[in-house]
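Worksheet for the structure shown next.
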Amino acid sequence: MNDNQTNTIRKRYNRIAGVFGIMDNMIQETWRKDVTQQAEGKVLEIGIGTGKNLEYYPSHVEVTGIDFSPGMLKRAKEKANQLGRTFELLEMDAQNLAFPDNTFDTVITTCVFCSVPDPIKGLKEMKRVTKPTGKILMLEHMRSEHKLIGKLMDILNPIGLHIVGANINRKTIENIQHVGLKIAKEDLLMYDIFKKLVVSPNKNH
């Protein structure tokens, strides 16, 4: 995936930043709480967006959030200021994380890997910066394994990709396994389209 494609998707997210909070409501509050409350230690949230998850983090964790869209990040910083808490919020591409290996105890994503231009590269980076003893918590939507629904998602995907830069038919489970990450727990949240995953960096094998 080249830089031009990344820039195109970045521009689309900048364009919709003002209304993305409304769109983001498709992720239920209980799902967000469940994922963020499991965070421990030094935390990285990839694709912080407009900062929807910030209010749910436990007060004792140290949270760094990154996003490649300046428009999204501006709203996340406004949200952080409203909460009166300290978060490190940085403009950064999930495909090229500017952190040393084995930096974070917990890495969190919520509906991010539908829009990372090169998901394999992004997942490899996520694995790299997670400590061997750390955990990755993912709340993601993906292509249905149901034959007809999956096919419909394939047909509709170009529309969503053009409007907001998100792919609705990503085979995220396959991508996770492809980079050597290990799925420790998989919960279905909405049919087989929305899933909550607990993932091990699997660096000791």
Single unsatisfied condition, Val35 versus (1) within 17 Å of Leu89 (Cα to Cα); (2) among the aliphatic types (A, V, I, L, M); (3) not in a loop (DSSP other than H, G, I, E, B): (1)
Residues (open to solvent by less than 10 Å² (accessible area, probe 1.4 Å) and not small (Gly, Ala, Ser)) located in the stretch 35-54: Val35, Thr36, Val43, Leu44, Glu45, Ile46, Ile48, Asn53, Leu54
Residues being more than 21 Å from the chain's Cα centre (by Cα) and in a strand (DSSP E or B) - total across the stretch 132-156: 0
Selected residue [in contact with a helix residue (DSSP H, G or I) (Cβ under 6 Å, 6 or more places away or on another chain), more than 20 Å from Leu197 (Cα to Cα) and among the aromatic types (Phe, Trp, Tyr)] from Phe113, Phe87, Phe104: Phe87
Strands (runs of 3 or more DSSP E) lying entirely in the stretch 55-131 (those with 1 or more residues that are open to solvent by less than 10 Å² (accessible area, probe 1.4 Å) and at pLDDT 95 or above): 62-67, 104-110
Any hit, the stretch 171-183, residues being open to solvent by 30 Å² or more (accessible area, probe 1.4 Å), at pLDDT 80 or above and among the acidic types (Asp, Glu): yes
Any pair with Cβ under 7 angstrom, 6 or more apart, that starts in the stretch 89-114 at a residue that is touching a residue at least 24 places away in the same chain (Cβ under 8 Å) and of a type outside the set (Val, Ile, Thr) and ends at one that is open to solvent by 30 Å² or more (accessible area, probe 1.4 Å) and assigned to a strand (DSSP E or B): Asn102/Lys131; Asn102/Pro132; Phe104/Lys42; Phe104/Lys131; Asp105/Lys42; Asp105/Lys131
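The values are calculated or read from the model by the stated rules, or taken from the named source; none is laboratory data. All values derive from a computational prediction rather than experimental measurement. As a convention, Cβ positions derive from the backbone with ideal geometry for all residues, glycine included, and neighbour counts pool all protein chains shown. Ligands, DNA and RNA are stripped out before the accessible areas are found, and what is left, the full protein with its side chains, is counted by its heavy atoms. Shrake-Rupley method; radii C 1.70, N 1.55, O 1.52, S 1.80 Å.
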